[in-house]
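Trainee: This is the structure I have questions about; it appears just below.
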Amino acid sequence: MSIVGVDIGGTFTDLVGYRDGAIITSKTSTVPADPTEGIAAALTLAGCDLAAMDELIHGSTIAINTVLESKGAKTALLTTQGMRDVYGVGRGNRPDAFNLFFHRPRPLVPRDLTFEIAERMNAAGEALVPLDPAEIAKLAPKLAAIGIEAVAVCFLHSYANPAHEVLAGAVLRRELPGLFVTLSHEILREFREYERTSTTVLNAFVGPRVSRYLSRLEGFAQNARFGGQIAIMRSNGGTMSAGEARRAPVAMMESGPVAGMIGAGRIAQLLGIERAIGFDMGGTTAKTSLITGGIPPIEEGYVIGDAFTGQPMQLPVVDIVEVGAGGGSIAWCDDRGGLHVGPISAGADPGPACYGRSGVEPTVTDADLMLGRLNDARFLGGHMRLDCARAEAALGKIGQKLGLDRMTAALGVATIVDSAMSLAVRAVSVKRGIDPRETTLIAFGGAGPLHAVSIAREISIPRVVVPKLPGAFSALGMLMAEWRQDFVRTLIGELGKVGMQAAATAFAELRDAGQAALARDRLAAGEFNFAADLRYRGQEHTIPIAVANPQDLATATDETRARFDAQHDRRYGHAAPDQSIEIVNLRLVVIVPRLEDTIGRWLAQPWQPDGDGAAAEQHRAVVFEDGKRPVETRILWRPHLPAGSEMAGPALIEEANSTTLIGPGDRATIDAYGNIVITLKDV
């Protein structure tokens with residue numbers, strides 16, 4: 001089987017493929033106006049004929065960027081009469097208590113575009129007020145007249161009985177065939193009215209733009225005579241078909257970053273690392289996630305944007321903390337003369353000043369080049385020459401504002417961006433009660449290995465691992481991603497007392513939904529894993545516990561109770577075996593493995609260098625702690641280094657798609673699999 005993964009970032013487009021038993025790679029600039037041009041260039045660079053491939057896996061940030069940039073469709077919301085303000089009011093808590101300027105999440109749909117419909121279901125799914133389809137038909141011309149492009153339909157208790165939503169959706173799709181219609185039960189059949197409404201609105205808001213993007217991608221593949229399957233990365237770490245992505249684009253919110261964390265999990269398993277922190281620094285953002293036992297954590301709730309004021313999304317997402325810090329992040333001064341870096345990025349166009357295009361603002365990449373940490377002749381394997389003079393000019397301007405020489409200004413930029421990224425690493429470790437001294441940082445992304453050691457030293461992480469292909473590691477992770485679909489049904493009742501028929505019905509509905517998803521994507525079989533969200537009565541939050549059949553909830557519940565008590569004790573340090581346990585939701589995860597074992601075997605292959613390492617060694621002055629005192633540093637070419645090679649810092653290990661910086665006194669080893677393992681001094 002031949003397969004290719006393409007990760008389109010804000011600055012670069014990365015490609016990793018598996019063809020005829022070999023790994024192929026390439027990296028090229030992203031084309032914001034038409035990302036398929038970047039895909040075409042990456043395929044050409046890799047010598048890859050798309051027509052000869054069986055599957056194309058793609059990750060993109062288009063969905064989340066649409067929300068963050070507020071560039072979505074003009075959207076209307078249809079809700080139950082009397083429920084118009086649920087979405088606008090949101091939750092009654094004030095999470096950012098000491099912020100005088102705090103504001104609640106601003107709805108993507110304003111109140112004047114929220115329409116009440118005379119219908120009502122109760123929590124048992126019984127119709128109290130029937131829906132009149134004529135009311136929807138009468139509303140349709142009004143929606144068209146005001147230029148509505150997408151409609152979100154979220155009726156009260158439709159998770160229990162979606163009949164009214166189904167009817168409303170049928171009328172809207174008949175009356176307005178060009179409208180993007182999202183029905184809440186098609187996205188999320190779970191209680192919590194506000195979060196369900198927000199998730200439905202998010203799907204509608206990004207739907208038209210994502211649909212156009214996917215159509216362009218499918219058109220590109222068709223023109224390339226590609227006859228295989230297109231798979232899209234999901235936020236939960238799995239993949240889905242392009243058709244499913246077009247129907248539920250909200251599942252693509254973290255499509256790009258999650259793949260790298262999947263790969264980091266495999267590296268952690270390979271090296272026997274119980275607790276690892278995946279760190280991915282690209283051109284626009286830096287992402288980090290705590291990985292335990294080789295598995296990135298999945299959260300059922302997520303916020304798009306700021307943690308306090310962003311848009312809630314109630315779908316499974318790999319738990320990632322992201323900051324606007326990358327190689328293209330722009331350095332700037334505030335009115336008081338303070339130096340800042342990001343979150344605005346130069347992106348791929350115009351890019352950092354040193355790219356020699358139209359960019360003139362100083363960026364992190366410009367600073368790294370000036371500090372001697374990047375090789376102007378070897379960037380992207382020599383395919384892109386960096387302009388040192390432009391980098392010096394850009395940093396010279398900001399240095400003048402600060403009263404600093406250019407080199408000191410460059411060091412300041414690098415130090416500030418490292419501090420910003422270390423806060424993200426703290427957020428997934430220290431803030432969650434994890435001692436960073438007991439973790440290992442797995443660094444990837446084009447800029448990740450260059451900044452990883454500084455970040456690790458900042459928060460006392462003793463070891464850094466840089467895997468093979470770090471600059472295209474997220475694209476490699478796509479080749480290990482499984483086809484995955486998550487389903488949920490709200491099922492309220494006490495463990496052991498819930499009706500057997502109700503439990504059996506919930507299991508059957510989920511199983512049927514899973515089978516339908518497999519059939520829709522033309523997959524023969526999958527692995528079905530059920531879990532129940534449980535909590536002690538009186539609690540708000542739940543813990544998912546694996547269950548196998550209705551009896552685990554209704555009759556033979558001893559093992560389920562024991563598993564919940566044990567998990568509660570592990571998570572919170574106490575359990576209450578004498579308390580009653582409440583069932584809230586039943587979940588199903590359907591998985592179909594892909595090439596995980598094949599790529600896993602490639603990661604575990606004994607490392608074979610390309611040539612004689614001694615012939616590739618160079619030397620260059622590199623700035624570490626003092627802009628006026630650069631240090632003579634060894635420059636090594638990674639593909640030439642044999643397994644078992646050891647080197648003491650200061651050193652730079654260069655390769656085609658990334659550069660690894662080793663600080664003075666730190667030690668690095670090429671392990672048996674070709675990973676760079678760095679042990680920090682005095683940590």
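Computed from the coordinates by the stated procedures, all read-outs in this text should not be read as laboratory data. Note that the structure is predicted; figures quoted are calculated from it, not measured. Counting neighbours? That spans all protein chains shown, and the Cβs are built from the backbone with ideal geometry, glycine included.
Trainee: With a 10 Å radius around each residue's Cβ, average the other Cβ atoms per peptide and rank 518-530, 261-273, 373-385, highest first.
Mentor: Put in order of decreasing packing, that is 261-273, 373-385, 518-530.
Trainee: Turning to a different aspect of this structure: For the range 372-516, what log10 I(q)/I(0) values come out of the Debye formula at q = 0.13, 0.14, 0.16, 0.20 1/Å, with one point per alpha carbon and no solvent?
Mentor: -0.84, -0.90, -1.03, -1.21
Trainee: Return the Cα extents of the chain along principal axes one, two and three, sorted largest first, each rounded to a whole Å.
Mentor: 78, 59, 57
Trainee: Using the 10 angstrom Cβ neighbour count as an exposure proxy, how do Ile591, Ile146, Ile320 rank, fewest first?
Mentor: By the 10 Å Cβ count, ascending: Ile146, Ile591, Ile320.
Trainee: Looking at the range 34-117, I'd like the Rg to Rh ratio, where Rg is from alpha-carbon atoms and Rh is Kirkwood's inverse mean 1/r.
Mentor: Result for the range 34-117 is an Rg/Rh of 1.22.
Trainee: Which parts of the range 46-81 would a label at Arg522 reach, counting a residue when its backbone N lies under 17 Å from a point 7 Å out along Cα-to-Cβ?
Mentor: 51-57
Trainee: With everything on Cα atoms, drop me the angle between helix 500-520 and the longest principal axis of the chain, reported from 0 to 90° to the nearest 10.
Mentor: In the chain, helix 500-520 runs at an angle near 50 degrees to the longest axis.
Trainee: Can you give me the Cα centroid spacing of the range 490-539 and the range 258-287 in angstrom?
Mentor: After rounding, the separation between the Cα centres reads 31 Å.
Trainee: OK, next. Within 10 Å of each residue's Cβ, count the other Cβ atoms and sort Tyr159, Tyr194 from fewest upward.
Mentor: In order of increasing Cβ crowding within 10 Å: Tyr194, Tyr159.
Trainee: Please compute the Cα-Cα pair-distance distribution of the range 483-592 with 10 Å bins starting at 0, giving whole percents from short to long.
Mentor: 15, 45, 28, 11, 1
Trainee: Please order Ile653, Ile62 by the number of other Cβ within 10 Å, starting at the fewest.
Mentor: The fewest-first ordering by Cβ neighbours comes to Ile62, Ile653.
Trainee: Principal axes first, then extents: for the Cα atoms of the range 68-210, list largest minus smallest coordinate on each axis, whole Å, largest first.
Mentor: Principal extents (largest minus smallest coordinate, Cα): 49, 35, 24 Å.
Trainee: Can you tell me the orientation of helix 193-223 relative to the chain, as the angle in degrees between its alpha-carbon axis and the longest Cα principal axis, to the nearest 10?
Mentor: With rounding to tens, the tilt is 60 degrees.
Trainee: On full extension of the chain, what length is gained from Gln551 through Ala504, given 0.36 nm per residue of separation minus the C-alpha to C-alpha distance?
Mentor: Here the segment from Gln551 to Ala504 would lengthen by 16.1 nm.
Trainee: If the cut-off is a Cα-Cα distance under 22 Å, which lysines reach Lys681, setting aside same-chain residues fewer than 8 apart in sequence?
Mentor: Result set, ordered by chain and number: empty.
Trainee: Kirkwood hydrodynamic radius, the range 242-341, all distinct C-alpha pairs: what's the number in Å?
Mentor: Computed over the range 242-341, the radius equals 15.4 Å.
Trainee: Here's something else I'd like to know. So what is the relative contact order for the range 133-204, in percent, with contacts set as C-alpha pairs under 8 Å and at least six apart?
Mentor: Reported relative contact order: 37 percent.
Trainee: Also, I was wondering about something else. GluC sites (Glu not before Pro), restricted to the range 4-99: which are DSSP loop and have at most 12 other Cβ atoms within 10 Å?
Mentor: Qualifying residues, ordered by number: Glu69.
Trainee: If you place +1 on the Cβ of every Lys and Arg, -1 on the Cβ of every Asp and Glu, and leave all else neutral, what size is the dipole of the chain about its Cα centre, to the nearest 20 Debye?
Mentor: In debye, rounded to 20, the chain gives about 740.
Trainee: Just tell me which aspartates and glutamates come within less than 15 Å, Cα to Cα, of Lys401; anything on the same chain fewer than 8 places away is out.
Mentor: Asp334, Asp335, Glu361, Glu392
Trainee: Roughly what % antiparallel, to the nearest 5, for the DSSP beta bridges in the chain?
Mentor: 70
Trainee: Within a Cβ distance under 9 Å of Ala118, other residues only, what is the Lys/Arg minus Asp/Glu net charge?
Mentor: -3
Trainee: Another question, if that's okay. Could you work out the local net charge near Arg563, counting Lys and Arg as +1, Asp and Glu as -1, over the other residues with Cβ closer than 14 Å to its Cβ?
Mentor: -2
Trainee: Could I ask something else about it? Give, as a single signed number, the net charge of other residues whose beta carbon lies under 13 Å from the beta carbon of Arg385, with Lys and Arg counted +1 and Asp and Glu -1.
Mentor: Every neighbour counted, the sum reads +1.
Trainee: Still on this model: Measure up Lys27/Lys397; Lys74/Lys142; Lys287/Lys431 against 20 Å on the Cα-Cα distance and list the ones that go over.
Mentor: Cα-Cα > 20 Å for Lys27/Lys397; rest within.
Trainee: Let me ask something else. Say R0 is 35 Å: what FRET efficiency, to the nearest 0.05, do Phe101 and Lys74 get from their beta-carbon distance?
Mentor: For Phe101 and Lys74, the calculated efficiency is 0.80.
Trainee: For the Cα atoms of the chain, what angle does the longest principal axis make with the long axis of helix 35-45, in degrees from 0 to 90, nearest 10?
Mentor: On a 0 to 90 degree scale, this one is about 50.
Trainee: Can I get the semi-axes of the range 605-672's equivalent ellipsoid? Compute them from the C-alpha gyration tensor as square roots of 5 times the eigenvalues, in angstrom, largest first.
Mentor: They are 23, 12, 10 Å, listed from largest to smallest.
Trainee: Can you list the trypsin sites (Lys or Arg not before Pro) in the range 86-144 that are in a DSSP coil and have 14 or fewer other beta carbons within 10 angstrom?
Mentor: Sparse-neighbourhood loop trypsin sites (Lys or Arg not before Pro): Arg91.
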